[in-house]
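Here is the structure we will look at.
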Amino acid sequence: MATNVKYADVEVGEKIPEQDFPVQRLDLVKYAGASGDFNIIHWNERAATKVGLPNVIAHGMFTMATAVRVVTDWVGDPGAVVDYGVRFSAMVPVPDDDKGAVIRVGGRVEEKLDDNKVVVALSAYSGEDKVLTQARAVVKLD
């Protein structure tokens, strides 16, 4: 595994560049096909609003996967992520328009561990809503 980031160069508190990830309904349909999760609330607005949701919502695992892209882009190797966990705190509504939604994600190095590993804490928002809490990735660096 070769990463762009070296363990010796990383400092606790270091920020990882924030990124915006646009989400369109087509992304949800593609994710449904790849994951096998065809729950109607992820693609049909009538069904979603009928059960009290504000709109079609992104899959939780789609949101989780999107957020960790900040880390994989930072290190340059998706295989460097050795552990990852989150708690879901809000939904990501995805309107059927030209804008869709945006998941804004940032991170910072929270801790340096043995064996060239670091813990990265992530923050993920959709609009003003924090969509993930306790989001942490353990990353093995060179």
| message | Need the list of lysines near Lys112 for cross-linking: C-alpha distance under 19 angstrom, and skip anything on the same chain fewer than eight residues off. | response | Lys6, Lys15, Lys140
| request: Mind checking which aspartates and glutamates have their Cα closer than 13 Å to the Cα of Lys99? Skip sequence neighbours fewer than 8 apart in that chain. | output: Asp20, Asp27
| field | Zone residues, segment 16-57, relative to Lys130, backbone N less than 15 Å from point 7 Å out along Cα-to-Cβ | value | none
| How large is the Kirkwood hydrodynamic radius of segment 31-142, in angstrom, based on all distinct alpha carbon pairs? | 15.1 Å
| Hey, what angle do you get for helix 60-75 against the long axis of the chain, alpha-carbon based, 0 to 90 degrees rounded to 10? | 30 degrees
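Bear in mind that the values in this text are calculations on the coordinates, not laboratory data. This one's a predicted model, so the numbers in the text were calculated from it and none came from an experiment. Here the Cβ is made from the backbone with ideal geometry for all residues, glycine too, and neighbour counts use every protein chain on show.
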